[in-house]
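Q: The following block contains the structure, expressed as structure tokens.
The values are calculated or read from the model by the stated rules, or taken from the named source; none is laboratory data. Note that the structure is predicted; figures quoted are calculated from it, not measured. Because the Cβ atoms are built from the backbone with ideal geometry, glycine has one as well, and the counts that use them run over all protein chains shown.
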Amino acid sequence: MLDTHILLWWLNDSPELPVVARRAIRDVTSEVFVSVATAWEIAIKKSVGKLDFPTARMSEILVEAGFLTLSIHLDHAIEAARLPLHHGDPFDRMLVAQAQREGLTIVTVDPMIRRYAVAVLDGTNN
């Protein structure tokens, strides 16, 4: 499951995208998920002027990229509330909860996410 930075770097073919993340996303055997929480975060950042992104086309963009969408379910919300407060970002806390509940690995460069009991593909270690 891609965190927001990784998703945006992938979609923009950014050189900031770590090599290990790029390889994992390109791997044809990988199922790559994008959480609805990530889409929500992108839409909020766009609405406050922090990001330029064609949110009206987000579903189409994710399908074209070959990504699967992960909805937020009640058990994800409950799990997110139970997490220790290692991270103050509610979107990242939701990603952690979803990854834990769904058995997914989070692709991220955020060092705070590693503090949780969740599988992380750490993009900082190319």
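Q: Specify which of the listed residues (ARG93, ARG115) is basic (Lys, Arg) and within 15 Å of the chain's Cα centre (by Cα). So that I can check it myself, show each step before the final result.
A: Details: ARG115 fails: within 15 Å of the chain's Cα centre (by Cα).
Being basic (Lys, Arg) and within 15 Å of the chain's Cα centre (by Cα) holds for just one of ARG93, ARG115, which is ARG93.
Q: Can you find a residue that is among the hydrophobic types (A, V, I, L, M, F, W, C), in a helix (DSSP H, G or I) and under 13 Å from MET1 (Cα atoms) anywhere in region 41-63?
A: yes
Q: Hey, SER71 hits all of (1) under 17 Å from THR105 (Cβ atoms); (2) polar (S, T, N, Q); (3) at pLDDT 95 or above but one; which does it fall short on?
A: That leaves (1) as the condition not met.
Q: Does ALA80 satisfy the condition of being among the hydrophobic types (A, V, I, L, M, F, W, C), surrounded by 14 or more Cβ atoms within 10 Å (Cβ to Cβ) and within 17 Å of LEU104 (Cα to Cα)?
A: yes
Conditions (1) among the polar types (S, T, N, Q); (2) in contact with a Leu (Cβ under 8 Å, 6 or more places away or on another chain); (3) modelled with pLDDT of 95 or more, marked per residue:
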| position | (1), (2), (3) |
| --- | --- |
| GLU60 | no, no, yes |
| GLY66 | no, no, yes |
| ALA77 | no, no, yes |
| ALA99 | no, no, yes |
| VAL107 | no, yes, yes |
| ILE113 | no, yes, no |
| ALA117 | no, no, no |
| ASP122 | no, no, no |
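Q: Across region 103-126, what is the total count of residues that are outside any strand (DSSP E or B) and free of Cβ contacts under 8 Å to residues at least 60 places away in the same chain?
A: Narrowing region 103-126 to residues outside any strand (DSSP E or B): 103-104, 109-118, 123-126.
Going one step further and asking which of them are free of Cβ contacts under 8 Å to residues at least 60 places away in the same chain, we end up with 103, 111-112, 114-118.
Total satisfying the criteria: 8.
Q: Right, next: For region 1-49: of the residues being over 21 Å from MET94 (Cα atoms) and basic (Lys, Arg), which is nearest to the chain's Cα centre (by Cα)?
A: Result: ARG22.
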